[in-house]
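Trainee: I'd like to ask you about the structure that follows.
The values are calculated or read from the model by the stated rules, or taken from the named source; none is laboratory data. Not measured: the values here are computed from a predicted model. Cβ placement follows ideal geometry from the backbone for every residue including glycine, while neighbour counts extend to all protein chains displayed. When the accessible area is computed, the model is the full protein with side chains, heavy atoms only, and any ligands, DNA or RNA have been set aside. Shrake-Rupley method; radii C 1.70, N 1.55, O 1.52, S 1.80 Å.
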Amino acid sequence: MMKATAIAPANIAFIKYWGRKDAKLRLAYNSSISMNLSACTTTTTVEFSSDFIEDQVSEGFDARRILNHVDRLRKLAGIHTHVHVTTQNSFPTSAGIASSASGFAALTVAAASALHLNCSEKELSGLARLGSGSACRSIPDGFVQWDDTFAYSIHPPEYWDLRDILVIVESQAKDVSSSKGHDMVTTSPHFQKRLERIPDRIARLKEAMKVKNIQMFGEVIEEDCLDMHHVMQTQVPPLFYWNKQTKQVIDAIKKSGLPAYFTIDAGPNVHIICEAKDEKEVVNLLRTKYKIMVNKPSKGAHLI
Ligand code: DP6
């Protein structure tokens, strides 16, 4: 039987991947560090069969990008039969939560298994990267680092009981895709400067993780988030992902004085990172005004 189902988490980057030195191979200019998210997942079933007369992908998903990725894996396996891909997110597709990381991680694990490719975790991560850069970080467990061609776990999920309280501030607006944004990164006069600051930032983040110091940790993630958005906003054409509510959420968190810190990807939603003990207070502060999803650190992509 050539059928398999996998589930994969989305991930939130603490040190962001922004800019690719090789767009086709999706090789990043800088290392990135992330945490897998327990509540934001994609579940994907991949089936190959000589009974199928055409390739098929669930409605509402980018069939061309998905089938391009399946083609890579089909080539590796030397198999030409048609595929049916059925995929589902645990979060509303319209919520502006980037689904390419969980999507391509789940697709890679399911397709590799259906094709009997027998890949190692490292190989799966490298393959997922070709679908979407950040997807390589959704393969290993817990807290993950991506340096060059694949990502690896630096701490298991249970290492530090953090929360990512995802504040969904907007549901309709169509964002500029991050793939396009990556391509223009070198037009920002601040791009090179950010790159130079990354090694020290990674060292400080890893030290904060080692001693589990949330304040030190939070200061580093906010610094890199702001730095990446500074680069985005000074690219040509400029990319502004924040909206009024994004700023309101940040202000509310800062005003509360709670040990909770923000980070934002290529969209207006805000991820508030705190320790488990502060989850309730953060949630109470925001839940009347916004839709929120509470994430714990989770394991990486796996078959189900
Ligand atoms: C801002 O992984 O979505 O979320 O490789 O083109 O699929 P592609 O880009 P993608 O970029 C993610 C950018 C980010 C930061 C991050 O997750 O590290």
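Trainee: So, in nm, how far is label S50 from label D147 when the simple model puts each one 7 Å beyond its Cα toward the Cβ?
Mentor: In this crude spin-label approximation the distance works out to 4.5 nm.
Trainee: Using a probe of 1.4 angstrom, how much of the accessible area of the chain is carbon and sulfur, in percent? Kindly include the intermediate steps, with their values, before the conclusion.
Mentor: Details: 7140 of 13580 Å².
Taking all protein chains in place, the chain shows 53 percent carbon and sulfur surface.
Trainee: I've got another one for you. Within the set of other residues whose C-beta is less than 14 Å from the C-beta of M1, count the net charge using Lys and Arg as +1 and Asp and Glu as -1. All intermediate terms of the calculation are to be shown ahead of the outcome.
Mentor: Details: positive: K3; negative: E47, D51.
Its environment carries a net charge of -1.
Trainee: Right, another one. Using a Förster distance of 30 Å, how high is the FRET efficiency between S31 and K255, based on the Cβ-Cβ distance and rounded to 0.05?
Mentor: 0.35
Trainee: Oh, and also: K254: which lysines have alpha carbons under 29 Å from its alpha carbon, excluding same-chain residues fewer than 8 sequence positions away?
Mentor: K16, K174, K193, K206, K210, K212, K244, K277, K280, K289, K291, K296
Trainee: Counting only residues 5 or more places away or on other chains, whose amide H sits under 5 Å from the amide H of C40 once H atoms are built in the peptide plane?
Mentor: Amide H neighbours of C40: A10.
Trainee: Taking a virtual spin label 7 Å from the Cα of L195 along the C-beta vector, which residues in the range 119-155 bring their backbone nitrogen under 18 Å of it?
Mentor: 146-149
Trainee: Let me ask another. Normalise the Cα radius of gyration of the chain by 2.2 N^0.38 Å (N = residues in it) and let me know the number.
Mentor: Rounded to two decimals, the normalised Rg is 0.98.
Trainee: Any chance you could run the full-extension gain for N118 through S177? It's 0.36 nm times the residue separation minus the Cα-Cα distance, nm to one decimal.
Mentor: Gain in length upon complete extension: 18.0 nm.
Trainee: Starting from the Cα-Cα distance between A276 and K24, subtract it from 0.36 nm times their residue separation and give me the gain in nm to one decimal.
Mentor: Between A276 and K24, full extension yields 86.8 nm more.
Trainee: Can you tell me the equivalent ellipsoid semi-axes for the range 3-158? Use √(5λ) from the Cα gyration tensor, largest first, whole Å.
Mentor: Details: eigenvalues 121, 56, 40 Å².
Semi-axes (√(5λ), whole Å): 25, 17, 14.
Trainee: Can you list the lysines whose alpha carbon is less than 20 Å from that of K122, not counting same-chain residues fewer than 8 positions off?
Mentor: The qualifying lysines are K24, K75, K299.
Trainee: While we're on this one: Can you sort V70, V176 by solvent-accessible area, 1.4 Å probe, largest first?
Mentor: Result of the area sort, largest leading: V176, V70.
Trainee: Roughly what % of DSSP beta bridges within the chain run antiparallel, to the nearest 5?
Mentor: Here the share of antiparallel DSSP bridges comes out near 95 percent.
Trainee: What does the accessible area per residue of the chain come to in Å², with a 1.4 Å probe and no ligands, DNA or RNA counted?
Mentor: Per residue, the chain has 45 Å² of solvent-accessible surface.
Trainee: Then there is this: Given a Förster radius of 30 Å and the C-beta distance between V283 and E219 as r, what FRET efficiency does 1/(1 + (r/R0)^6) yield to the nearest 0.05?
Mentor: Step by step, r from the Cβ atoms, then E = 0.85.
Trainee: Moving on to the next point. Sort T41, T93 by heavy-atom solvent-accessible area, probe 1.4 angstrom, most to least.
Mentor: Largest to smallest exposure gives the sequence T93, T41.
Trainee: Please state the shape class of the range 159-295: rounded when a/c is under 1.5, otherwise prolate if a/b exceeds b/c and oblate if not, all from the C-alpha gyration tensor.
Mentor: Oblate is the answer for the range 159-295, as a/c is 1.5 or above yet b/c matches or exceeds a/b.
Trainee: If you count only protein heavy atoms and use a 1.4 Å probe, how large is the accessible surface of I168, to the nearest 10 Å²?
Mentor: Roughly 10 Å² of I168 is accessible to a 1.4 Å probe.
Trainee: Another question about this same structure. For labels at K247 and I79 in the simple 7 Å Cα→Cβ model, what's the distance in nm?
Mentor: 5.2 nm
Trainee: Note the angle between two axes, namely the Cα long axis of helix 244-256 and the longest principal axis of the Cα atoms of the chain, as a number of degrees from 0 to 90, rounded to the nearest 10.
Mentor: Tilt relative to the chain: about 50 degrees.
Trainee: Calculated from DSSP H runs of 4 or more alone, at -39500 (n - 2.57) each and per residue, what is the 222 nm mean residue ellipticity of the chain, nearest 500?
Mentor: Estimated from H runs of four or more residues: -11500 deg cm²/dmol.
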